[in-house]
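Trainee: Structure incoming, see below.
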Amino acid sequence: MLSLLHLALHLMTQTAVAELPSVDLPEFQKEEIPNGLTLLAARHTEQPVIFFSLLVRAGALNEPEEMKGLAGVMADMMQEGTENYDSSALARALDELGGSLGASAGRETTVLSGQTLSRNADRALELLAEMALRPTFPNNSLRRIKQQNKTMLVASYVDQDFIGSRHLSALLYGQSAFGRFPTEETISKIARGNVTSFYHRHFQPKGAILCVLGDFDPPEMLAKLKETFGGWEKGEVSQASGLPDNFSYPKGRRLAIKRDKTQATILIGGRGVPANSELSESFGLANHILGASGFSSRLMNAVRSEEGKTYGVHSSNISSRGVGTFVAQTFTRNNNVKETINIMLEVIGDAVKDGLTQDELAKAKTARIGQFPLRFENPGSWVGGAVNDLFFGRPLSYTYETRERIAKITLDEVNDALRRTINVEELSIIVVGDPDELTNQLREFGDFEVRREKNDWW
């Protein structure tokens, strides 16, 4: 039987959706054209701005093993010139938009997106089509783009969190596409022919999604998009690399060397929940309670508030289609590393073994439901939400119904998702720090392989 407090929290959650201010949801009109491109358009009149995003199903998981970083270089090079604009003319045209237009590559996708004043909509869509359909990848820009990518990579190795995340990915996923990433060496190998070949093979309209939101008539906009992008030649989309059918998460231990540091970074991770899993939202609530809710999370209360081992600790679920990685992460002084790892493992273990509570779930649901409107303070977020829903095979109503779904999730579902995902005995541990200070403390957790901070992944 629920206590009075349990009952009050339960009722508060059930009525939270009704009590929140309504969110003005755009109504997207959808059309798929013969080359396989899906078009979305919705009217939004609150600002004299249009927002747009083109998602193509190609990213880092499509890269050759020996040329990691190629998708990112391709995306950067798409902004360096087209058939009708050299790099200088394209840069001037983009500056004159009164908004933004850029390209970026992720694990599974490449996205061209931006926003501009409504009066510049035609010009913005023209430039979007130029960059997407007619890039020239000028060789005189490639050296600079590669150098920029390498410089950013080198700068990242100052960050112990970055080093730790790379070692964790390499440890968990090995030589698969999920465990590999750009290095200075792989970026240096990229030639213009590799960029153009990757573009022509993978940058295809089939399965791509183009979404536009703004103050316009949606049917007229769909007709304009169809005219502009209908000539994009249809090709076959190659499948991104996935994990082998027999893949299992290893239980590994690794110490990445970062000498002369008084603090160490700790990452504990393993199996998570894929973005397209039926467990995604239930596990999201579990993770919120465990470590993603800031000062109210179990990990923060145990590691920071009660034991004073750190200023911050959090957990996350890094997800894509078919793959998810759970990570709990913190930093602490060298002499506290052993105790901190034990506390983190205990907190995670207790949550899995004994389950989370109704009180915790009610508070988590109220927080997640309450935060929902804040995700869309920028109307452009609706564009990203609609594109992602279609990319993951969800209906367009999926994002809109987030609050209702969260309100219906039960404690049994949350605890089931947690137990089906995390096996504490199989979690891997990464520590980044000075081996002279840490080696003795870490013996309790098994044999740690000692690796250099970079270029010593596999």
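The values are calculated or read from the model by the stated rules, or taken from the named source; none is laboratory data. This one's a predicted model, so the numbers in the text were calculated from it and none came from an experiment. Note that we place each Cβ from the backbone using ideal geometry, even for glycine, and neighbour counts take in every protein chain shown.
Trainee: Kindly check whether there is at least one residue in region 217-232 that is aliphatic (A, V, I, L, M) and either outside the structural domain of residue 76 (by TED's automatic domain parsing) or at pLDDT below 95 (or both).
Mentor: No, because not a single residue in region 217-232 is aliphatic (A, V, I, L, M) and either outside the structural domain of residue 76 (by TED's automatic domain parsing) or at pLDDT below 95 (or both).
Trainee: Checking residue 447 against (1) of a type in the set (Asp, Glu); (2) buried (at least 19 other Cβ atoms within 10 Å of the Cβ); (3) assigned to a loop (DSSP other than H, G, I, E, B), which single condition isn't satisfied?
Mentor: (2)
Residues checked against (1) β-branched (Val, Ile, Thr); (2) in contact with a Lys or Arg (Cβ under 6 Å, 6 or more places away or on another chain); (3) modelled with pLDDT of 95 or more; (4) not assigned by TED's automatic domain parsing to the domain that holds residue 430:
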{"residue": "271", "(1), (2), (3), (4)": "no, no, yes, no"}
{"residue": "296", "(1), (2), (3), (4)": "no, no, no, no"}
{"residue": "300", "(1), (2), (3), (4)": "no, no, no, no"}
{"residue": "303", "(1), (2), (3), (4)": "yes, yes, no, no"}
{"residue": "307", "(1), (2), (3), (4)": "no, no, no, no"}
{"residue": "319", "(1), (2), (3), (4)": "no, no, no, no"}
{"residue": "342", "(1), (2), (3), (4)": "no, no, yes, no"}
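Trainee: Identify, from the list 359, 354, the residue that is free of Cβ contacts under 8 Å to residues at least 12 places away in the same chain, among the acidic types (Asp, Glu) and in the same structural domain as residue 279 (by TED's automatic domain parsing).
Mentor: Testing whether each residue is free of Cβ contacts under 8 Å to residues at least 12 places away in the same chain, among the acidic types (Asp, Glu) and in the same structural domain as residue 279 (by TED's automatic domain parsing) leaves just 354.
Trainee: Here's something else I'd like to know. Restricting to region 417-440, give me the number of residues that are within 16 Å of residue 334 (Cα to Cα) and either touching an Asp or Glu at 6+ places or on another chain (Cβ under 9 Å) or of a type in the set (Lys, Arg) (or both).
Mentor: 2
Trainee: Could you run through region 150-190 and say how many residues are touching a residue at least 40 places away in the same chain (Cβ under 8 Å) and part of a loop (DSSP other than H, G, I, E, B)?
Mentor: Going through region 150-190 one residue at a time, the tally reaches 10.
Trainee: Among the residues of region 363-371, is there at least one that is free of Cβ contacts under 8 Å to residues at least 40 places away in the same chain, among the polar types (S, T, N, Q) and crowded, with 18+ Cβ neighbours inside 10 Å?
Mentor: Looking through region 363-371, none of the residues is free of Cβ contacts under 8 Å to residues at least 40 places away in the same chain, among the polar types (S, T, N, Q) and crowded, with 18+ Cβ neighbours inside 10 Å.
Trainee: For region 411-424, does any single residue satisfy the condition of being among the basic types (Lys, Arg), in contact with a Leu (Cβ under 8 Å, 6 or more places away or on another chain), part of a helix (DSSP H, G or I) and surrounded by fewer than 18 Cβ atoms within 10 Å (Cβ to Cβ)?
Mentor: Yes, region 411-424 contains a residue that is among the basic types (Lys, Arg), in contact with a Leu (Cβ under 8 Å, 6 or more places away or on another chain), part of a helix (DSSP H, G or I) and surrounded by fewer than 18 Cβ atoms within 10 Å (Cβ to Cβ).
Trainee: Return the pairs, sorted by first residue and then second, in which the second residue is part of a loop (DSSP other than H, G, I, E, B), the first residue lies in region 401-414 and is of a type in the set (D, E, K, R), the beta carbons are less than 6 Å apart, and the residues are 6+ apart or on different chains.
Mentor: none
Trainee: Moving on. May I ask you to list the residues in region 45-61 that are crowded, with 22+ Cβ neighbours inside 10 Å and closer than 20 Å to residue 220 by Cα?
Mentor: Once the filter is applied, which keeps residues that are crowded, with 22+ Cβ neighbours inside 10 Å and closer than 20 Å to residue 220 by Cα, region 45-61 yields 50, 51, 52, 53, 54.
Trainee: If the Cβ limit is 8 Å and pairs must be 6+ apart or interchain, which residue in region 118-129 that is farther than 9 Å from residue 212 by Cβ and among the hydrophobic types (A, V, I, L, M, F, W, C) pairs with which residue that is assigned to a helix (DSSP H, G or I) and modelled with pLDDT under 95?
Mentor: Qualifying pairs under 8 Å: 127/90; 127/93; 127/94.
Trainee: Take the residues in region 141-190 that are of a type in the set (Val, Ile, Thr) and out of contact with any helix residue (DSSP H, G or I) (no Cβ under 8 Å at 6 or more places or on another chain), then tell me which one is nearest to residue 78 (Cα to Cα).
Mentor: 151
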